[in-house]
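Below is one structure, written out as structure tokens; comments come after it.
The values are calculated or read from the model by the stated rules, or taken from the named source; none is laboratory data. All values derive from a computational prediction rather than experimental measurement. So basically every Cβ, Gly included, is an ideal-geometry build from the backbone, and we count neighbours across all protein chains shown. Note: areas computed on protein heavy atoms with side chains; ligands, DNA, RNA excluded. Shrake-Rupley method; radii C 1.70, N 1.55, O 1.52, S 1.80 Å.
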Amino acid sequence: MARSPVVARTLPALRRALTELREGGARVALVPTMGALHDGHLSLVRLAKRRADKVAVSVFVNPTQFAPNEDFASYPRTWKADAGKLAAEEVDLIWNPDVKVMYPDGFATRITTEGPALAGLEDRFRPHFFGGVATVVGKLFLQCRPDVAVFGSKDFQQLRVVTRMAADLDLGVKVIGAPTVRERDGLAMSSRNVYLSAEERSAAPTLYRAMKHTAKLMRAGKSFEPSLAAATKMIREAGFTLDYFEARHAETLEPVRSLKGGPVRLLVAARIGKTRLIDNMAV
Ligand code: PAF
């Protein structure tokens with residue numbers, strides 16, 4: 001029978017568990033999560049298992065990446081189910097600190113991000129977000145000292161930001177982006193999909209369809225501007241309020257106007273009801 005993962009909730013317990021994991025020179029992968037685990041997260045765990053000898057998963061809903069008007073309080077917390085899923089994947093360690101362990105009284109330090117964090121995409125609508133993500137991911141990397149860390153590509157700008165941060169701060173961790181896992185109708189898996197009403201859920205795959213259609217037009221040589229405008233219309237007609245739908249350079253996140261400026265990535269963020277969805281696709 002598979003051994004249950006060790007669950008660490010304090011820094012001394014984490015250190016003890018990591019020392020044991022590293023015995024014999026084992027390489028450790030970290031999969032940072034906020035819990036509410038779905039098949040997308042489990043695909044990150046499976047990729048981590050292929051890239052390292054031992055796998056640690058952090059489960060921590062990070063308050064510093066939510067603005068006061070956002071869903072920190074209501075963010076789905078499903079500890080029992082998460083622990084069961086991670087045990088079934090034969091994860092070695094779960095790092096599940098309390099907010100007070102991660103941010104003790106008097107905590108006063110924050111990692112400031114530039115470059116990909118100021119691309120005018122998520123940062124335009126969630127200006128607090130990348131500072132909070134970089135701070136907690138920086139702490140997770142320092143606490144766990146992983147050899148590799150696996151992040152989903154659905155949060156494409158986040159992936160660029162943490163990759164940059166790990167390199168800039170010489171954290172000695174290789175950041176790996178895993179492909180987005182989708183529902184059968186194309187909707188990207190997300191812990192926030194549980195917020196969607198039945199009607200919103202049936203409209204939600206429009207984001208995927210719009211990106212797919214736009215990527216096809218662009219690959220066929222159509223101009224970017226009208227292709228993006230048609231997608232924008234399609235998304236709005238499905239009932240979304242659009243934050244952005246843009247073509248960017250996949251590495252620098254700079255705006256691009258043709259395939260010659262590529263590799264090109266389409267990135268979208270839109271709100272339906274009380275749910276904000278993001279997604280992206282390579283052209
Ligand atoms: O992508 C997420 O779930 C979070 O932003 C992360 C990387 C775990 C940091 O809290």
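Output yes when any residue across segment 48-57 is within 12 Å of the ligand (Cβ to nearest atom), in contact with a strand residue (DSSP E or B) (Cβ under 9 Å, 6 or more places away or on another chain) and either more than 26 Å from Asp123 (Cβ to Cβ) or open to solvent by 30 Å² or more (accessible area, probe 1.4 Å) (or both), and no when none is. Explain how you work it out, then say what you get.
Let us first name the residues in segment 48-57 that are within 12 Å of the ligand (Cβ to nearest atom), namely 57.
Now narrow it down to the ones that are in contact with a strand residue (DSSP E or B) (Cβ under 9 Å, 6 or more places away or on another chain): 57.
Narrowing further to those that are either more than 26 Å from Asp123 (Cβ to Cβ) or open to solvent by 30 Å² or more (accessible area, probe 1.4 Å) (or both): 57.
Looking for residues that are within 12 Å of the ligand (Cβ to nearest atom), in contact with a strand residue (DSSP E or B) (Cβ under 9 Å, 6 or more places away or on another chain) and either more than 26 Å from Asp123 (Cβ to Cβ) or open to solvent by 30 Å² or more (accessible area, probe 1.4 Å) (or both), one finds at least one in segment 48-57, hence yes.
Out of the residues in segment 69-92 that are within 21 Å of Asn193 (Cα to Cα), part of a loop (DSSP other than H, G, I, E, B) and more than 14 Å from the ligand (Cβ to nearest atom), which is least open to solvent (accessible area, probe 1.4 Å)? Working first, answer last.
Of the residues in segment 69-92, the ones within 21 Å of Asn193 (Cα to Cα) are 69-86.
Now restrict to residues that are part of a loop (DSSP other than H, G, I, E, B): 69-78.
Of the ones still in play, those that are also more than 14 Å from the ligand (Cβ to nearest atom) are 69, 73-74.
Numbers: Asn69: 132, Ala73: 95, Ser74: 76 Å².
Checking each candidate, the answer is Ser74.
The single condition among (1) closer than 29 Å to Arg182 by Cβ; (2) surrounded by fewer than 15 Cβ atoms within 10 Å (Cβ to Cβ); (3) polar (S, T, N, Q) that Thr112 does not satisfy is (1).
One residue stands out among those in segment 166-197 that are away from the ligand (no atom under 11 Å from the Cβ) and part of a helix (DSSP H, G or I): the one that is most open to solvent (accessible area, probe 1.4 Å), which is Val194.
Against the definition (part of a loop (DSSP other than H, G, I, E, B), among the charged types (D, E, K, R), more than 12 Å from the ligand (Cβ to nearest atom) and in contact (Cβ under 8 Å) with a residue 12 or more places away in the chain), how does Asp105 come out, yes or no?
Working: part of a loop (DSSP other than H, G, I, E, B): yes; among the charged types (D, E, K, R): yes; more than 12 Å from the ligand (Cβ to nearest atom): yes; in contact (Cβ under 8 Å) with a residue 12 or more places away in the chain: no.
For Asp105, the condition - part of a loop (DSSP other than H, G, I, E, B), among the charged types (D, E, K, R), more than 12 Å from the ligand (Cβ to nearest atom) and in contact (Cβ under 8 Å) with a residue 12 or more places away in the chain - is not met.
Considering segment 131-165, the residues that are hydrophobic (A, V, I, L, M, F, W, C) and more than 10 Å from the ligand (Cβ to nearest atom) include one that is most open to solvent (accessible area, probe 1.4 Å), namely Leu142. Before we move on, is Ala48 at pLDDT 95 or above and farther than 26 Å from Arg276 by Cβ? So Ala48 fits the description; yes. When residues in segment 240-261 are screened for being basic (Lys, Arg), open to solvent by 30 Å² or more (accessible area, probe 1.4 Å) and in contact with a strand residue (DSSP E or B) (Cβ under 8 Å, 6 or more places away or on another chain), 1 of them pass.
When you scan segment 63-71, do you find a residue that is closer than 27 Å to Thr275 by Cβ and among the charged types (D, E, K, R), even just one? Within segment 63-71 (the criterion being closer than 27 Å to Thr275 by Cβ and among the charged types (D, E, K, R)), the answer is yes, since at least one residue qualifies. For segment 1-19, the candidate set comprises residues that are open to solvent by 70 Å² or more (accessible area, probe 1.4 Å) and within 21 Å of Ala88 (Cα to Cα); within that set, the residue that is nearest to the ligand (Cβ to nearest atom) is Arg9. Kindly indicate whether any position in segment 28-45 is more than 19 Å from the chain's Cα centre (by Cα), more than 13 Å from the ligand (Cβ to nearest atom), of a type in the set (D, E, K, R) and modelled with pLDDT of 95 or more. No: zero hits. A search for C-beta distances below 7 Å between a residue of segment 150-174 that is in contact (Cβ under 8 Å) with a residue 12 or more places away in the chain and within 13 Å of Ala117 (Cα to Cα) and any residue that is open to solvent by 30 Å² or more (accessible area, probe 1.4 Å) and away from the ligand (no atom under 11 Å from the Cβ), counting only pairs 6+ apart in sequence or on different chains, returns Phe156/Arg265; Leu159/Gly177; Arg164/Gly115; Met165/Ile111.
Please work out which residue is nearest to Pro5 (Cα to Cα), limiting yourself to segment 108-126 and to residues that are in a helix (DSSP H, G or I) and among the hydrophobic types (A, V, I, L, M, F, W, C). Show your work before the answer.
From segment 108-126, those in a helix (DSSP H, G or I) are 115-118, 122-125; that's our starting set.
Keeping just the survivors that are among the hydrophobic types (A, V, I, L, M, F, W, C) gives 117-118, 125.
Numbers: Ala117: 34, Leu118: 38, Phe125: 37 Å.
Taking the candidates together, the pick is Ala117.
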